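The structure appears below as structure tokens.
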Amino acid sequence: QVQLIESGGGLVQAGGSLRLSCAASGRPFSRTVFGWFRQAPGKDREFVASISWSGINTYYADSVKGRFTISRDNAKNTVYLQMNSLKFENTAVYYCAARGYSSAAYYKPREYNCWGQGTQVTVSS
């Protein structure tokens, strides 16, 4: 239904910043909710951040709150994840995800219908 194309991953030193982008194309949801998740080697996929269809409400994992910022540009059907003060332990494959509006838990991967291909973020110590 919706194709998600990510960009912005790469290699950065600890304390540095990266901005991830995820552009949605194809048939859109009426009120799209976006989320960012990540998966490190040997670990389960975990919630990072999400944003409501209006962009007014945002949610963050405790581990990234104050350092990461999620935003969206509905005119471009694009969601962003600004990552500041990156740490070595933030190294992971980052995925964007999308779903139509619902009251489902925003932090659960299984509540999202569409997923991007993932982009590698590597933070050197």
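A compact table of results
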read-out: Extension reserve of the Arg45-Phe88 stretch, reckoned as 0.36 nm per residue once the Cα distance is removed; value: 13.8 nm
read-out: Highest-fluctuation residue, Phe47, Phe68, Phe88 considered, GNM on the chain with Cα pairs under 10 Å; value: Phe88
read-out: Gyration tensor verdict on region 51-125 (Cα atoms; rounded if a/c is under 1.5, prolate if a/b is larger than b/c, oblate otherwise); value: prolate
read-out: Residue with peak Gaussian network fluctuation, the chain [Cα springs, cutoff 10 Å], from Ser50, Ser63, Ser25; value: Ser63
read-out: Gaussian network model of the chain, Cα within-10 Å springs - most flexible of Cys114, Cys22, Cys96; value: Cys114
read-out: Amide H partners (placed H, <5 Å) of Lys87, local residues excluded; value: Gly15
read-out: Set of lysines with alpha-carbon distance to Lys43 below 30 Å, sequence-local pairs under 8 removed; value: Lys65, Lys87, Lys108
read-out: Candidate residues Tyr80, Tyr101, Tyr94, Tyr59: accessible-area rank, largest first, probe 1.4 Å; value: Tyr101, Tyr59, Tyr80, Tyr94
read-out: Whole-number percent relative contact order across the chain, with pairs defined as alpha carbons under 8 Å at least 6 apart; value: 36
read-out: Net charge of neighbours whose Cβ lies under 9 Å from the Cβ of Phe47, counting Lys and Arg as +1 and Asp and Glu as -1; value: +2
read-out: Distance between modelled label sites at Arg31 and Gln120, nm, 7 Å Cα→Cβ extension; value: 4.0
read-out: Per-residue ³J(HN,Hα) for region 99-107, Karplus 6.51 cos²θ - 1.76 cosθ + 1.60, θ = phi - 60°, Hz, x for Gly and Pro; value: 7, x, 4, 6, 8, 4, 4, 6, 9
read-out: Cα-projected label distance for Asn113 with Gln13, points at 7 Å along beta-carbon direction, nm; value: 4.5
read-out: DSSP beta bridge pairing in the chain, given as percent antiparallel to the nearest 5; value: 90
read-out: Overall dimensions of the chain by Cα: Rg and Dmax, Å; value: 13.5, 42
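The values are calculated or read from the model by the stated rules, or taken from the named source; none is laboratory data. Just so it is clear, the structure is predicted and the values come from calculations on it, not from any experiment. Every residue, glycine as well, gets a Cβ built from its backbone with ideal geometry; the counts of neighbours run over all protein chains shown. With ligands, DNA and RNA removed, areas are computed over all heavy atoms of the protein, side chains included. Shrake-Rupley method; radii C 1.70, N 1.55, O 1.52, S 1.80 Å.
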